[in-house]
Amino acid sequence: MPINSRLIVLIISLLYAEFAFAQDSNELSAVNAFGNNPGNLKMFIYEPDHKPGAGPKPLVVVLHGCGQTAEEVARLTGWNKLADLHDFIVVYPQQKLLNNVSTCFNWFRNSDINKGEGESESIQQMIRYTRSQYPIDSSRIFITGLSAGGAMAVVMMATHPETFAAGAVFAGGAYKLATNAFAAAGVMAGTKHGNDSDLVQKVLEQNPQYDGRYPKLILYQGQNDLVVNHKNAEILIRQWTGLNQCDDQPDKVERSFKAIPDIQRMEYNNRWGEVVIIFYSVDDLGHRVLVKPGDADDEGGQTGTYGADRGFHSTWQTALDFGLLK
């Protein structure tokens, strides 16, 4: 090949690589001014292509796990693909190394988990900003997170129940079972349980004037999770059934959900027969989310450190349980 042709090919290749990188890095848009940000977090947002006449859009807030970034949890979960298909906005808060050396959300630090304070207030400010800038359907705001992000999602539902229609927690824990780092280690190990009345009271204290219903809780827990012990799912269910004044025994159990032997789905109903908790208990699963890479509508996500392929896309199922799928 003549040298000029080689040079042209090289330039085209470099330009293509630069374009591809730009597309990937610009997938999420950073928002630098969304409030006074007392928790010192970063904010990223994903907006699908505008669809004329679509009306107000749902909003999903996605919280990453320890050691992750907003872009990494977006690729892991595949929420952006579903946003494109079903026309909703996704907000990704991101932790800073200055706040936590493992870049975990501080779900256990008292100064970050009380209503109107710290990181929880920063996340709430992101939601307020998004509602002010986009046509958001205020009755269809959802939150989800993995591990520390899952525990912080519980914090948000506990401190701002009026904001969220539902939340999905992947390997998270109950609200204020820990209020310092030492207690957090006990929670993760499954050695700190709490009693039912205290679990409920800690949430009620955050909302003394609130008389509405608490958001629907969707919970995923691997039974072989060595990072967040599976007992935390039971404790969180006790807290949420107490808030909803319903029995802590499931009203419906589906074993081998979607013909997958490892997945068991349980539903808990309130006194009106409405489903207030959905629990997916997954056998032989560690500290990971279930993904199903592929191009079909119900496929997506990325395998790796935090993603396991069992032929089940938990993000798609969560979106279905949220009522986001058209």
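Need one number: % antiparallel among DSSP beta bridges in segment 32-322, to the nearest 5.
40
Cβ under 10 Å from Asn269's Cβ, Asn269 left aside: what net charge do those residues give with Lys, Arg +1 and Asp, Glu -1? The partial results should precede the final answer.
On the way: positive: Lys252, Arg271; negative: Asp247, Asp251, Glu267, Glu274.
Around Asn269, the charge tally is -2.
Just to confirm a number: summing +1 for Lys and Arg and -1 for Asp and Glu over residues other than Phe182 whose beta-carbon lies under 12 angstrom from that of Phe182, what do you get?
+2
Quick one: among Ala70, Ala296, Ala174, which has the greatest mean-square fluctuation in a GNM of the chain with alpha-carbon springs under 10 angstrom?
Maximum among the listed residues: Ala296.
For the pair Leu226/Leu320, report the inter-label distance in nm, with labels modelled 7 Å from Cα in the Cβ direction.
With each label point 7 Å from Cα toward Cβ, the separation is 3.2 nm.
Using a Gaussian network model on the chain with a 10 Å cutoff between Cα atoms, which of Trp107, Trp272, Trp240 fluctuates the most?
Trp272
Mind pulling up the Rg/Rh value for segment 173-282? Radius of gyration and Kirkwood radius, both on Cα.
With Rh from the inverse mean 1/r over Cα pairs, Rg/Rh is 0.99.
Please report the relative contact order for segment 32-322, taking Cα pairs under 8 Å with a sequence separation of at least 6, and give it as a percent rounded to a whole number.
16
Output ³J(HN,Hα) for segment 124-129: one whole-Hz value per residue in order, computed from phi by the Karplus curve 6.51 cos²θ - 1.76 cosθ + 1.60 with θ = phi - 60°, and x for Gly and Pro.
After applying 6.51 cos²θ - 1.76 cosθ + 1.60, I find 5, 5, 4, 5, 4, 4 Hz.
If amide H atoms are built 1.01 Å from N in the plane of the peptide, which residues on other chains or at least 5 residues away come under 5 Å of the amide H of Gly307?
Hits under the 5 Å cutoff: Val289.
Roughly how far apart, in whole Å, are the Cα centres of segment 287-323 and segment 94-156?
For segment 287-323 versus segment 94-156, the Cα centre distance is 23 Å.
Obtain the nm distance between the two label points defined at Asp251 and Ser111 by a simple spin-label model: each point lies 7 Å from its Cα along the Cα-to-C-beta direction.
With each label placed 7 Å out from Cα toward Cβ, I get 4.3 nm.
For segment 220-299, how big is Rg over Rh, using alpha carbon atoms and the Kirkwood form of Rh? Display every interim value, and only then the final one.
Numbers: Rg = 14.0 Å, Rh = 13.7 Å.
Result: Rg/Rh = 1.02.
Where Rh denotes the Kirkwood radius from the mean inverse Cα pair distance, what is Rg over Rh for segment 99-168?
Reported Rg/Rh (Cα atoms, Kirkwood Rh): 0.97.
Roughly how large, in nm² to one decimal, is the mean projection of the convex hull of the alpha-carbon atoms in segment 38-135?
So the mean shadow area of the Cα hull is 6.4 nm².
Once amide H atoms are built 1.01 Å from N in the peptide plane, which residues 5 or more positions from Val276, or in another chain, come under 5 Å H to H?
Those lying under 5 Å, H to H, from Val276 are Tyr268, Asn269, Asn270.
With Cβ to Cβ distances under 14 Å as the rule, what net charge do the other residues near Thr191 carry (K, R +1; D, E -1)?
Here the charged neighbours net out to +1.
Roughly what % of Cα-Cα distances in the chain sit above 28 Å, to the whole percent?
Within the chain, distances greater than 28 Å cover 39 percent of Cα pairs.
Highest GNM mean-square fluctuation, the chain, Cα pairs closer than 10 Å: which of Val200, Val91, Val275?
Val275
Which value at 222 nm does the chain reach when only helices count, each DSSP H run of 4 or more adding -39,500 (n - 2.57), with the total divided by all residues and rounded to the nearest 500 deg cm²/dmol? Provide the component values of the computation, followed by the final result.
Details: 10 runs with 111 residues, N = 326.
So the helix-based figure for the chain works out to -10500 deg cm²/dmol.
So how tilted is helix 3-25 from the main axis of the chain? Cα-based, degrees 0 to 90, rounded to 10.
For 3-25 against the chain, the angle is about 20 degrees.
Mind sorting Phe108, Phe164 by how few other Cβ atoms lie within 10 Å of their own Cβ, fewest first?
Phe164, Phe108
Residues with amide H under 5 Å of Phe105's amide H, sequence separation 5 or more or different chain, H placed in the peptide plane at 1.01 Å from N; which?
Gly149
Show which lysines lie in cross-link reach of Lys326 when reach means a straight Cα distance below 24 angstrom and same-chain residues fewer than eight apart are skipped.
Straight-line reach from Lys326, under 24 Å: Lys51, Lys57, Lys81, Lys216, Lys258, Lys292.
Any read-out appearing in this document is the output of simple, stated calculations on the displayed coordinates, not a laboratory observation. What you see is a predicted model, and the numbers here were worked out from it, not measured in a lab. Counting neighbours? That spans all protein chains shown, and the Cβs are built from the backbone with ideal geometry, glycine included.
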